[in-house]
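Comments concern the structure below.
The values are calculated or read from the model by the stated rules, or taken from the named source; none is laboratory data. Note that the structure is a prediction, hence the values are computed from the model and not measured. With ideal geometry, Cβ positions are generated from the backbone for all residues, glycine too; neighbour counts draw on all protein chains shown. Accessible surface is based on the protein model in full, side chains and every heavy atom, while ligands, DNA and RNA are left aside. Shrake-Rupley method; radii C 1.70, N 1.55, O 1.52, S 1.80 Å.
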Amino acid sequence: MVGIVSYGAYIPRYRIKVSDIARVWGKDGEHVSQGLRVKEKAVAAIDEDSCTIAVETAKQALGRADIDPRNIGAIFVGSESKPFAVNPSASTVAEAIGAVPNVTGADLEFACKAGTAGMQAVYGMVKSKMIKYGMAIGADTAQGKPNDALEFTAASGGAAFIIGDQNVIAELEDTCSFSTDTPDFWRRAHQEFPEHGGRFTAEPAYYKHVIGAAEMLREKMGFDYDDFDHVVFHQPNGKFPLRAAKKLKIPFEKLSAGYISPVVGNTYSGNVPLALSAVLDIAKPGEKILVVSYGSGAGSDAFSFKVTPNIKKVRKAPFVKDFIEDKVYIDYAIYAKFRKKIKSI
Amino acid sequence: MGENLPLVWRKMPERYRLVGSKCLNCGRIYFPRRKICPHCRRKGKIVDIKMPEKGKIYSFSEVHSAPPGFENELPYFVAIVELQNGIKLFSMLADSPRNKIRIGAPVKMVFRKITENDGKGIIAYGYKFKVL
Ligand SMILES: [Zn+2]
């Protein structure tokens with residue numbers, strides 16, 4: 001049985017309210033917040049980046065399970081906010097957890113779904129017995145251009161998964177992907193902020209791929225959506241996952257455990273990994289979890305997990321809930337300094 | 001400003017995961033790492049050992065005038081942290097509100113950017129400590 005053997009999450013301590021961002025740009029904060037169904041977003045400190053977040057998640061994951069880091073044969077870090085254009089965060093993570101030197105890895109980019117693409121990669125490597133354990137991380141300090149719609153939600157955070165075939169806490173029953181070349185969101189080389197296709201981001205992008213991947217997995221495995229106890233859809237905001245669930249007649253109760261965007265924002269590559277971590281924090285043995293990520297450009301990875309009794313052995317704090325509750329509010333000025341939106345920094 | 005590259009690279013085991021030294025002859029533990037045990041000299045046998053990531057504040061200071069490269073983080077706190085094995089080290093404090101910083105406060109290691117070397121050089125990562 002191959003699946004998740006441990007996981008670790010991390011959300012920076014700082015939050016900015018959507019209404020505070022709206023105030024700076026002369027918008028109605030209440031209206032924006034309700035429209036997006038996002039109240040506040042997590043902001044990395046001035047000395048954090050997607051690499052430090054990746055390291056924190058990797059350490060949490062290792063700390064939960066009794067795994068010798070030297071047995072981790074591959075580390076993939078998915079991010080769209082890499083601190084270096086060239087020079088992998090994967091090797092920094094490997095060094096920081098003591099997995100060096102017998103380890104492969106790379107940094108992956110597929111907008112918001114690079115974290116789950118890494119999970120598929122290490123799943124394949126473990127299943128083929130190429131490595132004993134593999135680590136897949138999704139971590140971002142996502143940036144929205146000031147006064148752009150994405151600025152209200154682009155957030156910081158991430159999660160790591162160790163995939164293996166011993167002491168599995170959630171069996172990865174099956175996975176598949178639905179990808180097409182859809183230019184809904186991009187950032188050109190050397191550009192600081194991404195561009196997006198406005199209204200083009202919803203129907204032909206998010207919904208088509210999320211629902212496409214979910215239906216593809218349903219046909220492949222022959223399940224019914226009722227078979228799942230928990231469902232995680234990518235949450236670019238609080239609204240899209242609710243609508244995707246509605247289209248598939250999945251009740252909100254099944255989304256609730258992993259519905260974190262309203263209080264964390266969209267942590268891009270770290271979004272679905274964080275949401276899945278929140279579900280694993282409370283899932284009971286025998287429960288089934290459907291996970292569908294979404295990355296612009298565009299693609300969705302769908303997974304079916306089945307929780308095993310081993311979940312209890314790794315149920316150690318800090319939980320995603322603890323990170324969500326441990327927060328300090330900052331205003332737009334401090335946010336601009338932390339995220340280097342002030343030109344001289 | 002900026003640290004030289006060989007130093008950043010050489011310090012990675014210490015800064016990334018608190019690797020220190022232990023002398024197998026006398027049992028003394030050192031951080032940062034040492035090549036020889038100053039107590040046992042030639043008889044000493046030095047091996048790597050990982051330091052605990054938890055400890056408490058032994059002493060601290062608030063910095064209002066920063067060295068180059070740290071100006072945007074002002075004001076910040078630095079501390080001498082006493083690790084659970086008794087080793088003391090100097091560190092910046094991260095994410096720690098003023099009202100929680102006191103002598104004896106429990107801290108744990110976090111992984112942060114130390115210096116960015118002007119945005120063009122290598123980013124020096126390493127430990128800071130956070131008040132729990
Ligand atoms: Zn000695």
Next on the checklist: The conditions are (1) of a type in the set (A, V, I, L, M, F, W, C); (2) out of contact with any Ser or Thr (no Cβ under 9 Å at 6 or more places or on another chain); (3) away from every other protein chain (no Cβ under 13 Å), and B:Ala66 fails exactly one of them. Which is it?
Outcome noted: (3)
Next on the checklist: Taking the criterion of being among the aliphatic types (A, V, I, L, M), out of contact with any strand residue (DSSP E or B) (no Cβ under 8 Å at 6 or more places or on another chain) and open to solvent by 20 Å² or more (accessible area, probe 1.4 Å), would at least one residue in the stretch A:55-73 satisfy it?
Outcome noted: no
Item to check | 3 or more residues within 11 Å of chain A (Cβ to nearest Cβ) and in contact with a Ser or Thr (Cβ under 9 Å, 6 or more places away or on another chain): qualifying strands (runs of 3 or more DSSP E) within the stretch B:83-132 | outcome: B:106-115, B:124-131
Checklist entry - Got at least one residue in the stretch B:44-51 being more than 26 Å from A:Ser89 (Cα to Cα), part of a strand (DSSP E or B), within 13 Å of the chain's Cα centre (by Cα) and of a type in the set (A, V, I, L, M, F, W, C)? => result no
Next on the checklist: Given the condition open to solvent by 50 Å² or more (accessible area, probe 1.4 Å), free of Cβ contacts under 8 Å to residues at least 60 places away in the same chain and within 9 Å of the ligand (Cβ to nearest atom), answer yes or no: does some residue in the stretch B:45-59 qualify?
Outcome noted: yes
Item to check | Hits in the stretch A:104-135 (condition: of a type in the set (Val, Ile, Thr) and in a strand (DSSP E or B)) | outcome: A:Thr104
Checklist outcome for this item: Subset of the stretch A:1-22, residues in contact with a helix residue (DSSP H, G or I) (Cβ under 6 Å, 6 or more places away or on another chain), away from chain B (no Cβ under 14 Å) and of a type outside the set (Gly, Ala, Ser), comes to A:Val2, A:Tyr7, A:Ile16, A:Val18, A:Asp20, A:Ile21
Next on the checklist: For the stretch A:159-204, which positions are more than 30 Å from A:Pro146 (Cβ to Cβ), buried (at least 18 other Cβ atoms within 10 Å of the Cβ) and of a type in the set (S, T, N, Q)?
Outcome noted: A:Thr175, A:Ser177
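Listed here are the residues, each with its yes/no results for (1) assigned to a strand (DSSP E or B); (2) modelled with pLDDT of 95 or more; (3) closer than 22 Å to A:Lys306 by Cα.
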{"site": "A:Val231", "(1), (2), (3)": "yes, yes, yes"}
{"site": "A:Pro236", "(1), (2), (3)": "no, yes, no"}
{"site": "A:Ala245", "(1), (2), (3)": "no, yes, yes"}
{"site": "A:Ser269", "(1), (2), (3)": "no, yes, no"}
Checklist entry - Quick one: which of A:Ala278, A:Ala298, A:Ala245 is over 23 Å from A:Val5 (Cα atoms), of a type outside the set (Phe, Trp, Tyr) and crowded, with 24+ Cβ neighbours inside 10 Å? => result A:Ala298
Next on the checklist: Take the conditions within 18 Å of the chain's Cα centre (by Cα) and within 30 Å of A:Tyr329 (Cα to Cα) and apply them to A:Tyr207. Does it pass?
Outcome noted: no
Next on the checklist: Checking A:Ala22 against (1) in a helix (DSSP H, G or I); (2) of a type in the set (A, V, I, L, M, F, W, C); (3) surrounded by 22 or more Cβ atoms within 10 Å (Cβ to Cβ), only one condition comes out false. Which one?
Outcome noted: (3)
Checklist entry - Taking A:Leu150 and the conditions (1) open to solvent by 50 Å² or more (accessible area, probe 1.4 Å); (2) touching a residue at least 40 places away in the same chain (Cβ under 8 Å), which numbered condition does it fall short on, given that it satisfies the others? => result (1)
Item to check | Qualifying residue in the stretch A:25-47 (condition: under 20 Å from B:Phe111 (Cα atoms) and in a strand (DSSP E or B)) | outcome: yes
Checklist entry - Any idea which of (1) open to solvent by 10 Å² or more (accessible area, probe 1.4 Å); (2) modelled with pLDDT of 95 or more is the one A:Pro273 doesn't satisfy? => result (1)
Item to check | the stretch B:70-82, residues that are away from chain A (no Cβ under 14 Å) and open to solvent by 30 Å² or more (accessible area, probe 1.4 Å) | outcome: B:Ile80, B:Glu82
Checklist entry - Is there a residue in the stretch B:16-34 that is within 13 Å of the chain's Cα centre (by Cα), more than 16 Å from the ligand (Cβ to nearest atom), within 11 Å of chain A (Cβ to nearest Cβ) and surrounded by fewer than 19 Cβ atoms within 10 Å (Cβ to Cβ)? => result yes
Item to check | Options A:Thr92, A:Thr52: the member that is in contact (Cβ under 8 Å) with a residue 12 or more places away in the chain and within 14 Å of chain B (Cβ to nearest Cβ) | outcome: A:Thr92
Checklist entry - Within the set of pairs 6+ apart or on separate chains, which have a first residue in the stretch A:114-131 that is touching a residue at least 24 places away in the same chain (Cβ under 8 Å), a second that is among the charged types (D, E, K, R) and open to solvent by 40 Å² or more (accessible area, probe 1.4 Å), and C-beta atoms under 7 Å apart? => result A:Val126/A:Asp165
